[in-house]
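The values are calculated or read from the model by the stated rules, or taken from the named source; none is laboratory data. Given the structure is predicted, the values throughout are model-derived calculations rather than measurements. Don't worry about glycine lacking a Cβ; one is built from the backbone with ideal geometry, like all the others, and counts go over all protein chains shown. When the accessible area is computed, the model is the full protein with side chains, heavy atoms only, and any ligands, DNA or RNA have been set aside. Shrake-Rupley method; radii C 1.70, N 1.55, O 1.52, S 1.80 Å.
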Amino acid sequence: MADANWYVVHTYSGYENKVKANIEKTIENRHLEDEILEVRVPMQDVMEMKNGARKTVQKKMFPGYVLINMVMNDDTWYVVRNTRGVTGFVGPGSKPVPLSEVEMKPLGIKVENVTVDFAEGDTIAVIAGVWKDTVGVVQRMDYGKQTATINVELFGRETPVEIGFAEVRSMN
């Protein structure tokens, strides 16, 4: 399999989150999880004054742009390029150019991988995030996305949940 790189996609202004949701839905429907790994709308905290009070709000770092970590091939290019709200990839002509590590660093995108001491079938405890203090058995490992899928009991039935490697620890 080819290596995944980060690409920048230009969108209609204000459509960034909609484009992100549409691409994620297409990934799920076409089973492209191994080719399109992550879709991001980079956000930053900004201080604003409203009615004399200071407030911290999140704003888009690059309005009109979405970042995608993907393996570039004809299928993935077609899926992203033909998503409603996408005007094209950033690059000369129609040729997408991946971001370099130097360009990615200020965006807060981690390039280094987290090493883990657990594997499929091991019991792990979630130590951060929404599922904190949950214990589950690893059903699937995705080293590209740095996630583990565990089953948790939700409304009386087993439900698969994806947890980042950095949010769990092994119980073995």
### Query
Which of (1) under 23 Å from Lys145 (Cβ atoms); (2) loosely packed, with under 13 Cβ neighbours inside 10 Å; (3) touching a residue at least 12 places away in the same chain (Cβ under 8 Å) does Val46 not meet, given it meets every other one?
(1)
### Query
Among the listed residues Thr147, Thr115, which satisfies the condition of being of a type in the set (Val, Ile, Thr), modelled with pLDDT under 85 and out of contact with any strand residue (DSSP E or B) (no Cβ under 9 Å at 6 or more places or on another chain)?
Thr115
### Query
Out of curiosity, is Asp34 within 13 Å of the chain's Cα centre (by Cα) and open to solvent by 60 Å² or more (accessible area, probe 1.4 Å)?
yes
#### Entry: Lone unmet requirement of (1) closer than 19 Å to Tyr143 by Cα; (2) of a type in the set (Val, Ile, Thr); (3) modelled with pLDDT of 85 or more for Ile109
(3)
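Assess whether Phe165 counts as being without any contact (Cβ under 8 Å) to a residue 12 or more places away in the chain, among the aromatic types (Phe, Trp, Tyr) and out of contact with any Leu (no Cβ under 8 Å at 6 or more places or on another chain). Please lay out each step first, then the result.
Numbers: without any contact (Cβ under 8 Å) to a residue 12 or more places away in the chain: no; among the aromatic types (Phe, Trp, Tyr): yes; out of contact with any Leu (no Cβ under 8 Å at 6 or more places or on another chain): yes.
The answer is no for Phe165.
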### Which listed residue is among the polar types (S, T, N, Q), surrounded by 10 or more Cβ atoms within 10 Å (Cβ to Cβ) and under 21 Å from Ile163 (Cβ atoms), from Asn69, Asn22, Asn17
Asn69
### Query
Is it the case that some residue within the stretch 87-106 is open to solvent by less than 50 Å² (accessible area, probe 1.4 Å) and β-branched (Val, Ile, Thr)?
no
## Note on the structure
Pairing a residue in the stretch 124-148 that is touching a residue at least 60 places away in the same chain (Cβ under 8 Å) with any residue that is open to solvent by less than 50 Å² (accessible area, probe 1.4 Å), where Cβ atoms lie under 7 Å and the two sit 6 or more apart in sequence or on different chains, gives Gly144/Ala4; Gly144/Leu37; Lys145/Leu37
